[in-house]
Structures are given as C-alpha cells and as structure tokens.
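Novice: One structure follows; several queries about it will come next.
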Amino acid sequence: MSSQRRIDWAIYAGFVILIMLVPLAMDPFWLNRIAKYLVFGMLGIAVALSWGYAGILNLGQGLFFGAGAYMLAMSLKLASATSLQQGSDKPVPDFMLWNAEPGAKTELCCITKASFLWLPFQSQWFGFAMGVILPVLMAVVVGLIVFRKRISGVFVSIIMLALVLLVRLVMIDAQPVTNGFNGLTDLGWFKVGEFEFDPYIVPTYYLVAGSLSVVLLAARLLIDTRAGVILQAVRNDENRARYLGFDVPAYQTFFFAVSAAIAGFAGMLYVIVSEFASPTFMDLSFSITMVVWAAVGGRASILGACIGAIAINMISATVSEAEGFAEAWKAIIGLIFVLVVLYLPRGIAGLAHDLIDRAVTRKAPAGSVALRVHDASSQLAE
Amino acid sequence: MLEVLFIGLSLGSILLLVALGLAITYGAMGVINMAHGEMVMVGAYVTVLSGLWLGTNIFVAIPLAFIVTALLGLLIERIVVRKLYGRLLDTLLATWGVAILIQQAVRLEFGLTFFGMHIQGLGPGLQNVDVPGILQGTLHIAGVDINRYRTFIILVTAVLTLATWFLLYRTVAGTQVRAIIRNSKMAAACGIDVERVNALTFAFGSGLAGVAGVMMSGFKTVFPDMGTSMVVDGFLVVVMGGVGSLLGSVLSAGILGEINGVVAAGTNDILARAVVFGVVIAIIILKPKGLFALKGR
C-alpha cells in the first residue's frame, strides 16, 4: 500500500508541476483558455468528492457553480467602468437603468425593486466571501433536510436537478436584479490591493493554477482523514455505518458542503478568467456535462476527475477548430461516454490504477494480491 | 377560469404523454432513460419527414412514429441498456450519451453533411408541421372557446393511457411486466422471460414517446434539442407520482399541469415552471416514494 500511495502522491506532484509549467509554452490566448479548463478541472474535483466519495450523484452542481459565479460577478459588475457612467456618483449596473422603475433615483438603493440587494457588493471582498458562503449555506440547508430524511440515491439527484432548474428560472425571471437571460457581462477585473487580474496575463493563470493545486491537494488530504474514511464507509453501506453509531447525515452534509464550496470557488475563478456570469451555468446540460467529465476521468479519483475535465475540454477546443467538426465532436463525446459507462465504469483513473497495480504486483507478488482483492471489492461496493 | 383549467388540463396531458413511456421504463425496468426526450424528438421528425416525403398528415405519422421509435428503443435496449440493469444511475449516464448521439445524428443528417449531401427536413434548423384543417381553430362549447388541437392532444393522451392501462392490467404480458416491477428475480424464477419482456417494455415505452413527439410537432417548433427539457418534466411527473404507479403518473401530471396553468395565468410562464419545480421538490422531500408508492421490491 505504501508504495502505491507513494506513486499516488508522485502523480499528484507531477500534475501540479505540469500545470505550473504551462505558461512557458503558451501564448496569452491559450493561457486564458487553459485557465478556464483548469477551473473545469476544479469542478471535476467537486463532482468526484460528492459522487465518488460521498456516493451522492449531484445533478445540480451547476447551482453551486452559478451561485459562486454570480456573487463575485455582482461585485465585479459594480467595479466596471460602465457602472460608474450611469449618471450617479455611485456605481449602478447599466442594465438596471433599462429596467428602472419610472421616476426612480439612479441609485442602487431604489432604482429597481430589489436593487438594494446589490448594496453590499460594492465591496469586492463581500462578493468574494459570499461566493463560497452562499453555496455552502445552500448545501447545508439542502443536506440537512435531505440526508436527515434519509433520502438517497436517485432521489437526491432529482431534487438537485429540479432545484438548479428552479433557481435558473427565478434568476431569469428576476430580470431587473440579475439581467435575466443575458447574465452579467462587461465586468471589471478582480483586484488584490492595487494589482488587477487581467484575464490574459500570466499572474491570472497562476491564480487559477495555484488555487487548483491547493484545492486538489486539500481534497486528497481530506479523504484520507478519519472523516473521509467514515464517509467512504457510508457510501459503501449506509446502514452499516449507521448501526456502528456514526452520525451519517452529518458526514454526508459536511462533504456535500465541501463539494459545494469547491464548486462555488470554481465559479468565482471562472468569472475572473471569462469575464461573465450567465444563467447557462445553471443549465441542466452543464451540470450533467460536469458529471461526464468526472465519469470519463474516474468518478472515484479526485485527480482522475480533474484531469478528465481538463483533457475533454482541451481536446474539444483543439478539435472544434477544424471547420465543421465541432458537431461531430459532440457525437464522439456522446459515444465515448456510453463506452466509458459500459466498459470502464471507473474511468481512465481506474484503468491507470489497474495498470500501476499490475506493475507493482509484478515486482512484489506476495503481499499485494490481497490488497488488490480488497481494493477491487471496495470499488465494486460503490 | 374554465379556460385556465382547460389549458391546465392540456398542459397536464402533454406532461402525461411524455411521462407515460418513462413511467413504464423507469417503473418496470429501473432504467432512467435520458434518451426518452430524444425519442420524442425522433417522433416529431418522423412527422416532419413523412409530411415532406410521403405527403401524409399527422394521423398517418402516429403509427409510423410509434414503429420507428419502438424499433430504435429496442436497439438501444439491446446495445446499451441491457448491460446496465440494476445500475440505476449508470443507466442515466449512459442514456445521456445515447441522447447526445441521437441529437447529433439528426443535426448532422446521419453524417451525410460531411459528404455535402442534405436531406430535406433534417439538419440543425427549425422545422414546422402543418396541422390538418380539421384540427385548427377553436370549438365553442358552453360559451367557452376551446382550441381544437389541444382537445385532440387530450383525447390522444386519454386513449394511450387507457391502452397502456389495458396492456398492463388486463393482458398476460402486462401481468408479467407487473411481476417484474414487484420483484424481477422472483418473476424470473416463475418462468417469465425477463430479458424479452424488458426489451419489449422498453420498446413500447419508446414508442409512446414517439407518439408524444408527433403530438408535439403540431404546436411546437421541431428542432434537434427539443427533447431535453421534456425528459426532465417527464421524470418529475413519474417520480412525484410514485415509481411504477400508472395512476400516480396520471394524477401528478394532472396536478402539475393545473398548477402550471393557473400560476401562468396569474403571473408568467417562467415563474409557473419554477413553481412546478418547487412543488415537485417539496413532494419528493415529504414523500420520497411519491404520491402512490408501490409496496414491494
């Protein structure tokens, strides 16, 4: 096991070094693109954590991503130059003027019905904090209700799916506060002190890559803690864990919230590199796409899911450049996905794991067979 | 008010039309078929294509769409779904992939676009279906204007529901299906050919989706993505009604349709859908097994 674990950590370290070296070989345009894909990689981690380790297939992860994105985007919207040019000495988002109540003052307090909600977002760090706090709050509320009632499996998936669609519709309907379908565009840059994170510069890439590395390693450490092991016990047999005296809903809610926090954080980073937030983040297809990434990469491997997300997006970006091939690529993705679910349920990471296992076993045939059996059985239990 | 209730009824019947097939595949086979919406889409395209190439109307398209989608369903069952029985969430994921494949097949005209060929009626664009004159306009009944096409949808839904009920509860095959719903291993032990019945059930459910597609094509634009939102609505109906309960699906479709209609009349369509989602979430939380849960399994 120790040699396997060493290999595991070596792979993690290799991945971190690799993403740190990317700026050496890329122009700003591609650097920005890759930064986006790293954000998707972070989403893969969030999915793997809740699906692979907590056994909760969340078909509404976009809710947390979108919440994080909108929170920061609101602050950045107020920081944008156009918001200062709306005829008031305080920033007012341009779209609010188009939706203004007749005769209302051009100020955040009262220009549209609920525009006062934007007031605290004049501070960028408020938006930044809310980008994690709000998803966590939502996850805790949902988790406490759902897991205490012992709702599990597909019902959790459907509740989350309905929830993300519900929130999406409310966001679209609340046009005067959220700019509806169009989302928040024309944002200012994220600032730390005097430094501005222009999405096309190298420091912004490192902001994303560094965040991803920290989240990746933290998630890996988290699943090795006692709580992480108990969580996997819950995944494998909920009732047994309950009979052993563990407070199952507490563990599930905790990891659900961690996953939400990661997704929310990813949403914020996405806003920083892509300069918009839109209700499409809460589309059903986006939430399922995240699950696809994790499934292809390996649902029960944090790094696997992360690499799966990055790789799929990299390949589709490259392939879609070819004229007329974008649509065909979508079909190929669909096909890959069917094949992975059918023949490779543990994804690429599972395949890699088996190959490494085989290599290790050849070196030390004695002890590792038992380990492999144990490993396989825990994977099968799902 | 009567008009609002009628619109609610017709919305409910559309929901039921899509949900009926799902109720069977999900309830009987434990398969979450995300490609169900694409079956609806294929049914709609059958209407478009038969109209363009055969010059036939919507009435001819109904049996045609049923056959095409049932065969497609059989194919999907044989190739993909069969390998995944008992892995509920994996069926969801795999059929999502199948759904993408079907969508792209229509969008790329089965790949012919790469060879510069084009089939009229396919492709990424929007298609329209002409409704026969007899189904256009409105009827005046008791001083209320009633849309003929909506009435037609309600009738077709009622007929299909009755047919499904009859098949499930009054035929030998239906008894076998219900035995599988309760306990598939025990059913197999009693000599039921579970594989065969499952395949036929899946084909029947897909065929129902095809008919739903024909009905949709009469009042909605037909395009390759049209099925995605429908499958979600269909699922919510089935889950709320209680898995494996036909009556539950009928009632929950009715309830959700009326809620949608009434709220939409008071506010707007977007909020009405949001309220529907809210109601479904509340019901799943309060009664996770649905309104009419089957005991057993």
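Novice: Take every Cα pair under 8 Å in chain B that's 6+ residues apart, average their separations, divide by the length, and report that relative contact order as a whole percent.
Specialist: 36
Novice: Now, a different point. Do any of B:Lys83/B:Lys185; A:Lys149/B:Lys83; B:Lys185/B:Lys287; B:Lys220/B:Lys289 go past 21 Å between their Cα atoms, and which?
Specialist: With Cα atoms farther than 21 Å apart: A:Lys149/B:Lys83; B:Lys185/B:Lys287; B:Lys220/B:Lys289.
Novice: Just grab the label-to-label distance for B:His140 and A:Trp125, each label 7 Å out from Cα along the Cβ direction, in nm (one decimal).
Specialist: Computed distance between label sites B:His140 and A:Trp125 equals 7.2 nm.
Novice: How far is it, in nm, from the label point at B:Asn268 to the one at A:Val229 when both lie 7 Å from their Cα along the line to the Cβ?
Specialist: Taking the two extended label points, one gets 5.5 nm.
Novice: Using alpha-carbon pairs under 8 Å, 6+ residues apart, how would you state the relative contact order of region A:2-381 in percent?
Specialist: 30
Novice: Taking the simple approach of a point 7 Å from Cα along Cα-to-Cβ for both A:Phe325 and A:Asp247, what is their distance in nm?
Specialist: With each label placed 7 Å out from Cα toward Cβ, I get 5.4 nm.
Novice: Additional query: Rounded to the nearest 0.05, what FRET efficiency is calculated for A:Glu101 and B:Phe59 with R0 set to 60 Å and r the Cβ-Cβ distance?
Specialist: Once rounded, the FRET efficiency stands at 0.70.
Novice: Excluding residues fewer than 8 places away in the same chain, name every one of the lysines whose C-alpha is closer than 26 Å to that of A:Lys113.
Specialist: A:Lys77, A:Lys90, A:Lys105
Novice: Once each part is reduced to its C-alpha centroid, what is the distance from region A:318-346 to region B:7-54 in angstrom?
Specialist: Their Cα centres are 26 Å away from one another.
Novice: Further question: Rank by packing, highest mean first: peptides A:175-185, A:15-25, A:224-234, B:235-245, with packing defined as the count of other Cβ atoms within 10 Å averaged across residues.
Specialist: B:235-245, A:175-185, A:224-234, A:15-25
Novice: Could you tell me the center-to-center distance, by alpha carbons, between region A:72-110 and region A:240-285 in angstrom?
Specialist: 31
Novice: Averaged over its residues, how many other protein chain Cβ atoms are within 10 Å of peptide B:280-291's Cβ atoms?
Specialist: 4
Novice: Return the whole-Å distance between the Cα centroid of region A:123-184 and the Cα centroid of region B:84-160.
Specialist: Region A:123-184 and region B:84-160 have Cα centres spaced 31 Å from each other.
Novice: Which whole DSSP H helices in chain A pass both tests: a Cα extent of 18 Å or more along the axis and a mean Kyte-Doolittle value no lower than 0.5?
Specialist: A:2-21, A:28-48, A:61-79, A:124-148, A:154-173, A:202-224, A:248-274, A:284-297, A:302-321, A:326-343
Novice: Under a GNM of chain A (C-alpha, springs under 10 Å), which listed residue has the highest mean-square fluctuation: A:Ala263, A:Ala79, A:Ala46?
Specialist: Checking each option, the largest mean-square fluctuation is seen for A:Ala79.
Novice: Taking neighbour counts of Cβ atoms within 10 Å as a proxy for exposure, in what order, fewest first, do B:Ile134, B:Ile76, B:Ile146 appear?
Specialist: The fewest-first ordering by Cβ neighbours comes to B:Ile134, B:Ile146, B:Ile76.
Novice: Just to verify a number: FRET efficiency for A:Arg240 and B:Phe219, C-beta to C-beta distance, R0 = 51 Å, to 0.05?
Specialist: 0.45
Since every read-out is calculated from the coordinates, none of them should be taken as a lab result. Predicted, not measured: the structure shown is a model, and the values here were computed from it. Methodologically, a virtual Cβ is constructed for each residue, glycine included, from the backbone with ideal geometry; neighbour enumeration extends over all protein chains shown.
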